[in-house]
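Working notes, beginning with the structure itself.
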Amino acid sequence: MRRRYFGTDGLRGRAGQFPLDLPTVRALGRAAGLVLGGAGASALVGMDPRESSGWISAQLLAGLRESGVECRFAGVIPTPGLARLAAAGGYTFGAMVSASHNPFEDNGIKFFSGRGFKLPDETEHHIEVALEGLRGGSRPAPDAGSPGPAEEGTERAYVEWLQSLWRGGSLEGLRLVLDGANGAAHRVAPALFRALGAEVVCHACEPDGRNINAGCGSLHARDFAVRVREAGADMGFAFDGDADRCMAVTPSGKVLDGDFILYHEARARLPEDRLPGGWVVGTVMSNLWLEQALKREGMRFFRAPVGDRYVLQCLQDRGGLLGGEPSGHILFLDLATTGDGLLTALNYAMLARDAGGMEALAEGIRPYPQVMVNLRVERRLPLEEQPAICAAVEEEKARLSDRGRIILRYSGTEPLLRLMVEADTPSRVEGVVERLRAVLVRTLGEA
């Protein structure tokens with residue numbers, strides 16, 4: 001199924017440029033409205049605080065209303081909050097304007113079903129077909145406009161729902177540092193943990209429209225770890241721009257990614273009979289230590305392609321509840337329909353408290369050395385059709401044997417070729433990366 005607009009996580013691109021120019025966004029609203037319900041349907045629309053989100057939301061709302069959909073505007077809200085409120089409020093569907101962890105110049109649009117799940121590929125394809133039929137019509141070019149006032153109480157309702165999932169005790173006496181990525185979590189994350197009794201130190205919780213994800217958030221967790229250590233905190237949590245990801249940080253400044261979170265959640269759930277089948281879903285990017293550690297404890301591990309939609313699909317196909325990605329995008333399907341950074345932080349804070357501290361959770365775990373290289377290439381050619389690349393990758397895999405892994409793929413959300421290499425020693429990783437990078441640049445060019 002050829003996809004022109006939607007990637008692995010909705011539609012995403014440079015704000016103001018096709019397909020995120022004014023007329024196309026408005027046409028997308030009309031197309032989505034027609035496909036997802038039309039006259040009589042209802043939609044809840046939210047956004048992150050980047051500077052382009054307001055006018056994109058305005059055009060999306062205008063297009064949806066032109067298709068007969070009754071719309072409400074939630075204002076700035078995390079993506080998982082929008083999904084939760086759309087489902088709980090009985091809306092036909094929801095829409096979120098955000099480019100997640102991308103820089104402020106980018107933006108995107110994600111749609112959710114009335115049950116709070118991201119749309120399947122087939123439904124997005126139908127929207128694309130409808131959009132193709134609507135583009136280039138005779139309607140006058142729209143003004144940028146404003147989405148208007150937001151519904152009152154949406155943030156409060158989301159925080160109260162998260163509080164209702166807290167399963168015991170208080171965080172009183174604990175000091176937390178929260179990195180809001182200058183994004184959608186900048187108010188709700190501090191509100192949640194203060195309501196649970198914690199002392200909260202905020203970092204990157206002052207969005208100005210252009211500083212979202214800029215040197216902050218889950219992509220910069222190692223820089224944030226210095227602040228956690230300097231603050232003398234008991235734990236730290238870093239979110240991304242739309243707060244569907246979370247990275248944890250120990251008092252000593254060690255970053256615990258999604259693999260750590262999956263491992264400890266699985267261990268905690270297994271004796272409580274909250275891990276059906278005793279298995280967990282990660283992705284091809286999950287570190288080899290996670291797979292081996294789960295196996296030692298009698299649990300099975302399945303790898304899905306990169307992208308939370310594919311983790312979700314694997315969980316649903318197999319009847320599972322727990323899955324996620326090293327990026328900190330974790331799915332708890334018995335609690336929520338999509339990855340939720342605040343819910344992840346909430347659950348991990350509880351595990352850390354019960355374990356005697358976050359350092360105890362990290363003790364004894366030694367991930368395989370892993371390097372991710374992002375290449376901007378001149379030619380995005382099909383990798384499987386490049387003999388030189390295929391031969392080089394196979395040669396390196398044979399050299400590694402069972403001591404490591406290689407993943408080579410194009411990003412579904414950014415114009416990048418991603419090379420991931422992991423092995424039992426840093427020197428082995430560096431050698432593989434150096435040799436493969438040379439072949440990739442020689443074959444595809446470097447932009």
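The values are calculated or read from the model by the stated rules, or taken from the named source; none is laboratory data. No experiment lies behind these values; they were computed from the predicted model shown. Cβ: placed from backbone, ideal geometry, glycine included. Neighbour counts: every protein chain shown.
Taking the listed residues R418, R376, R403, R428, the one that is at pLDDT 90 or above, more than 22 Å from R4 (Cα to Cα) and not assigned by TED's automatic domain parsing to the domain that holds D106 is R428, with no other qualifying.
Are any residues in the stretch 310-323 touching a residue at least 60 places away in the same chain (Cβ under 8 Å), crowded, with 21+ Cβ neighbours inside 10 Å and not in a strand (DSSP E or B), and if so, which ones? Correct list: L312 only.
For T250, the stated conditions do not hold, so it cannot be described as crowded, with 23+ Cβ neighbours inside 10 Å, hydroxyl-bearing (S, T, Y) and over 19 Å from N347 (Cβ atoms). V69 - would you say it is under 13 Å from G94 (Cα atoms), in contact (Cβ under 8 Å) with a residue 12 or more places away in the chain and out of contact with any Lys or Arg (no Cβ under 6 Å at 6 or more places or on another chain)? Taking the combined requirement at face value, the residue satisfies it. For the stretch 28-38, a residue qualifies if it is of a type in the set (A, V, I, L, M, F, W, C) and modelled with pLDDT under 95, but none of them does.
Beta carbons closer than 8 Å, at least 6 apart along the sequence or on distinct chains, pair a first residue in the stretch 236-263 that is more than 22 Å from G307 (Cβ to Cβ) and among the basic types (K, R) with a second that is outside any strand (DSSP E or B) and at pLDDT 95 or above for K254/A225; K254/E359. R65 meets each of the listed conditions (1) assigned to a loop (DSSP other than H, G, I, E, B); (2) surrounded by fewer than 21 Cβ atoms within 10 Å (Cβ to Cβ) apart from (1). Say whether the condition of being in a loop (DSSP other than H, G, I, E, B), at pLDDT 95 or above and under 22 Å from F73 (Cα atoms) is met by at least one residue in the stretch 158-176. No, that holds for no residue. The residue that is nearest to R380 (Cα to Cα), among those in the stretch 397-420 that are β-branched (V, I, T) and part of a strand (DSSP E or B), is I407. Based on this model, can you work out whether M350 counts as surrounded by fewer than 21 Cβ atoms within 10 Å (Cβ to Cβ), in contact (Cβ under 8 Å) with a residue 24 or more places away in the chain, in contact with a Gly (Cβ under 8 Å, 6 or more places away or on another chain) and closer than 16 Å to D259 by Cα? So M350 fails the test. For A185, the conditions (1) in the same structural domain as S42 (by TED's automatic domain parsing); (2) under 30 Å from S252 (Cα atoms); (3) aliphatic (A, V, I, L, M) are fulfilled apart from (1). Among residues of the stretch 246-269 being within 17 Å of the chain's Cα centre (by Cα) and not in a helix (DSSP H, G or I), the one that is nearest to G282 (Cα to Cα) is D257. One residue stands out among those in the stretch 366-389 that are hydrophobic (A, V, I, L, M, F, W, C) and in contact with a helix residue (DSSP H, G or I) (Cβ under 7 Å, 6 or more places away or on another chain): the one that is surrounded by the most Cβ atoms within 10 Å (Cβ to Cβ), which is I389. In the stretch 272-293, of all residues being in contact with a helix residue (DSSP H, G or I) (Cβ under 7 Å, 6 or more places away or on another chain) and under 20 Å from A423 (Cβ atoms), the one that is surrounded by the most Cβ atoms within 10 Å (Cβ to Cβ) corresponds to S286. None of G16, G10, G46, G29 is over 25 Å from E155 (Cβ atoms) and out of contact with any Phe, Trp or Tyr (no Cβ under 6 Å at 6 or more places or on another chain) except G16.
One residue stands out among those in the stretch 85-109 that are in a loop (DSSP other than H, G, I, E, B) and free of Cβ contacts under 8 Å to residues at least 60 places away in the same chain: the one that is nearest to L44 (Cα to Cα), which is Y91.
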